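What follows is a set of notes on a single structure, which appears directly below.
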Amino acid sequence: MDKRTLLLAPVPPGTSPALLLRWLCETTRLEAPAFGRFEFMPGQVIVEVAAEAAGKVSERVSGALLGGVRVNCHNQGIGRPAPDAERWVRLAECLGWESEEETRRGLEGTLRPGDRLGRLKVVEETAGLWGRTIVTLAPERGGELPWSRLDPGLPVVVVSEAASEGEGPARGVVTSRTAGRLVVALDDDIPGEGGALSVSRAPDEVSMDRLRAALARVSSAGPDRVGRLRDVAAGELPAEVADIAEPAWVNQGLNESQKSAVRLAMGARDIALVHGPPGTGKTTTLLEVVLQAVRRGEKVLVAAPSNLAVDNLLAGLVHSNLRVARLGHPARVQESLLDVSLDSLVDRHPDTREARKLTRQARALFRKAGKWTRAKPEPGARQADRAEAKRLLSDARALDEQVVASILRDSQVVAATATGVDAAVLGGRRFDLVVLDEAAQATEPAAWSALIHADRAVLAGDPRQLPPTVVSDRAARAGLGVSLLERLLAEDSAIPSVMLDTQYRMNSELAAFPSADSYGGKLETNPGNASIRLEGSAWAEPPFLFVDTAGTGWEERTAETEGASRWNPGEADYVVRLARALLGEGVPEEAIGLITPYAAQARLLRERLGRPGLEIDSVDGFQGREKDVIVVSMVRSNEQGDIGFLAETRRTHVAITRARRLLVVVGDSVTLGVNPWYQRLVERAREIGGHRSVYEDPIGLELV
């Protein structure tokens with residue numbers, strides 16, 4: 001028979017070919033011969049269908065429930081092997097290794113203090129979007145909650161400590177936490193019958209399923225927009241760029257490289273790349289891109305690998321009075337943007353009250369059907385209650401879906417993390433433009449998770465800054481740690497790109513090293529910040545210091561209780577005294593940032609400094625941010641010359657490009673000097689007279 005291929009995703013785990021075939025026949029009202037080969041992959045399946053039946057199957061299957069999961073159907077057309085097919089297979093394998101490593105760490109993590117809270121009771125229960133149950137938990141005996149790592153946004157499982165045989169846990173997400181309350185949004189009903197509950201962290205399986213579904217969609221795409229974007233990224237098809245008229249600029253202050261990036265983004269018919277080094281106004285540029293697209297009547301999806309990056313761009317769009325909707329769990333959205341979260345928009349919709357009423361009625365019936373009573377219930381009463389509860393929940397979900405569809409239809413911009421772009425919520429909706437910010441921090445499957453919804457795309461970021469986070473060493477070695485943006489820029493592909501070339505953050509002396517070492521000397525400094533200094537400070541000249549701890553005997557130690565993180569108490573004491581000296585000169589707390597690559601060192605600095613207004617964080621915590629003064633504690637100091645993950649110099653590159661007026665790097669030049677990049681960094685300090693030994697004590701701090 002003449003065949004077409006359809007991609008079904010998500011598909012519940014454990015779905016067998018026989019079950020799928022029976023479901024397809026019942027859902028489409030077609031006979032079994034209409035279906036051909038099934039190709040199962042984690043979370044999705046490719047189905048061969050008779051060409052004359054493909055339209056009917058796609059129409060009837062899209063949105064249908066399979067094992068409680070709402071399935072999306074993508075028509076793959078006739079289909080053909082994807083270019084560089086081995087790479088797609090390898091990426092799928094990488095996701096498998098990544099999932100295995102996350103599961104292993106999660107299982108080990110449940111044994112650590114702080115990953116579980118027990119003996120909790122329910123103090124409040126309300127209905128939420130999509131039939132969720134919002135439950136507030138407190139210690140069974142009152143008082144405050146013990147310390148834990150169960151922070152807002154974390155996936156968890158809730159278990160009844162007196163669960164009956166066969167009763168499973170309820171999955172959910174922590175939405176908020178106070179001293180005495182933990183609020184969790186459950187996807188299921190509350191387990192147990194009023195007994196004590198426990199809450200434990202859980203691996204994020206939903207995100208991994210979405211990544212697998214995205215890879216399957218891309219690798220099997222036919223001659224549609226997804227297939228074209230894939231083939232352009234593979235160099236199989238040329239990227240097309242149209243000539244456009246000069247825009248009427250919303251932001252009149254854009255420099256020429258920023259304007260060039262906007263022109264490229266608006267003219268590109270497939271993919272455009274925007275390379276944004278630190279402080280060059282990448283967010284400002286992308287805001288202009290989105291505003292120009294909306295002016296043209298286009299629908300835009302804004303995505304990024306992290307919630308922080310999404311909200312950073314979204315804040316500017318809200319300020320521009322666009323109609324926006326933020327997908328994702330409210331616990332992961334900045335408080336100032338909660339009003340535009342999808343949950344909040346749905347809650348304020350007039351049709352939502354009826355859906356909540358139906359959900360409450362359904363929960364009550366489920367509990368009634370599950371309760372033991374002295375009097376024997378009428379035959380079939382429990383089954384009738386459960387059936388009615390299911391019908392009520394189905395009606396509530398249908399109302400929710402109508403409300404969501406209405407909100408998304410009216411939104412000019414939808415925003416989400418790359419793995420938070422839920423195809424089921426979008427309902428097959430596509431976007432004229434997808435903007436993927438911080439694209440260098442997204443794995444390639446994560447990038448495609450957003451791009452499969454695009455007619456055209458803009459990837460923006462800086463491969464010289466933080467790479468994607470990959471927990472599996474095997475997956476990292478196989479290439480999962482190389483982002484799509486980095487690959488396309490490194491291959492010198494025909495995809496058009498622009499580098500933003502003027503930075504507005506650092507003074508010229510701080511910018512000199514990153515410009516020469518990472519950007520081929522092309523990074524210019526705006527005259528307005530070229531000469532800024534830390535006024536009235538003994539540390540003002542030169543603005544870059546490398547304080548050398550070599551020979552002090554301040555060797556690193558390993559903190560076994562924090563995942564074998566490193567700390568260096570001698571170096572920490574020095575950094576604390578240095579920070580106090582700056583504060584004593586009148587530098588405000590909020591103008592100073594202490595950065596260290598190691599969590600154990602950050603904890604030690606917080607304990608010893610005791611200044612809550614002075615920010616101390618990891619490199620990741622300072623990504624995309626800046627301070628007048630940055631002090632970097634490098635920690636590593638040992639006789640073996642082992643610098644561990646500091647050999648990934650992009651992390652240190654991020655740290656040293658956060659400072660506006662003064663940068664102080666504290667470290668052991670002998671240990672760090674095994675790496676040529678650190679040799680060049682120390683040499684740059686020497687060139688400008690900024691290399692210091694702690695023994696010199698140039699301004700009388702008695703630091704040693």
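So if we plug the beta-carbon distance of residue 405 and residue 494 into 1/(1 + (r/R0)^6) with R0 = 41 Å, what FRET efficiency do we get, rounded to 0.05?
0.60
Please compute the per residue accessible area over the chain with all protein chains in place, 1.4 Å probe, rounded to a whole number of Å².
Heavy-atom SASA per residue in the chain reads 44 Å².
Roll a 1.4 angstrom probe over the protein heavy atoms and tell me the percent of accessible area of the range 254-347 that is carbon or sulfur.
After summing per-atom areas, the C and S share lands at 48 percent.
Counting only protein chains, not ligands or nucleic acids, how are 482, 262 ordered by accessible area (probe 1.4 Å), most first?
Descending order: 482, 262.
On alpha-carbon atoms, Rg over Rh for the range 311-364 using Kirkwood Rh?
Reported Rg/Rh, Kirkwood definition of Rh: 1.10.
When only Cα pairs under 8 Å and 6 or more residues apart are kept, what is the percent relative contact order across the chain?
Across the chain, relative contact order equals 11 percent.
State, as an integer percentage, the relative contact order of the range 352-511 based on alpha-carbon contacts under 8 Å between residues 6 or more apart.
Relative contact order here is 16 percent.
Using all C-alpha to C-alpha distances in the chain, build P(r) with 10 Å bins and read off the rounded percent in each one.
Answer for the chain: a P(r) of 3, 13, 21, 24, 20, 12, 5, 2, 0, 0 percent.
For 656, 244, give me the order by solvent-accessible area with a 1.4 Å probe, most accessible first, ignoring ligands, DNA and RNA.
244, 656
Too long at a 28 Å Cα-Cα cut-off: which of 299/357; 282/627; 282/522?
The answer is 299/357.
Across the range 299-314, in residue order, what do the Karplus-derived ³J(HN,Hα) couplings come to in whole Hz, using 6.51 cos²θ - 1.76 cosθ + 1.60 with θ = phi - 60° and x for Gly and Pro?
8, 10, 10, 9, 9, 6, x, 10, 4, 4, 5, 4, 5, 4, 6, 4
Per DSSP helix of 4 or more residues, -39500 (n - 2.57); summed, then divided by the residues of the chain. What does that give at 222 nm, rounded to the nearest 500?
-11000 deg cm²/dmol
Roughly how far apart, in whole Å, are the Cα centres of the range 380-446 and the range 293-309?
Computed from Cα coordinates, the inter-centre distance equals 17 Å.
Mind listing P(r) for the range 614-700? All alpha-carbon pairs, 10 Å bins, whole percents.
Histogramming the range 614-700 at 10 Å steps yields 15, 49, 33, 3 percent.
Tell me the Rg and the Dmax, in Å, that the Cα atoms of the range 454-522 produce.
Expressed in Å, the Cα Rg and Dmax of the range 454-522 come to 14.9, 43.
On a 1.4 Å probe surface of the protein chains, which of 101, 648, 31 comes out largest in accessible area, and what is the full order?
Ranking 101, 648, 31 by accessible area, largest first, yields 31, 648, 101.
Excluding ligands and nucleic acids, what accessible area in Å² is computed for residue 160 using a 1.4 Å probe, to the nearest 10?
Roll a 1.4 Å probe over it and residue 160 shows about 10 Å².
Once Lys and Arg get +1 and Asp and Glu get -1 on their Cβ, which of 327, 591, 637 lies farthest toward the positive end of the dipole of the chain?
327
The values are calculated or read from the model by the stated rules, or taken from the named source; none is laboratory data. Small disclaimer: the values here were computed from a predicted structure and weren't measured. With ideal geometry, Cβ positions are generated from the backbone for all residues, glycine too; neighbour counts draw on all protein chains shown. Each accessible area value is taken on the protein alone, full model and side chains, heavy atoms only, with ligands, DNA and RNA left out. Shrake-Rupley method; radii C 1.70, N 1.55, O 1.52, S 1.80 Å.
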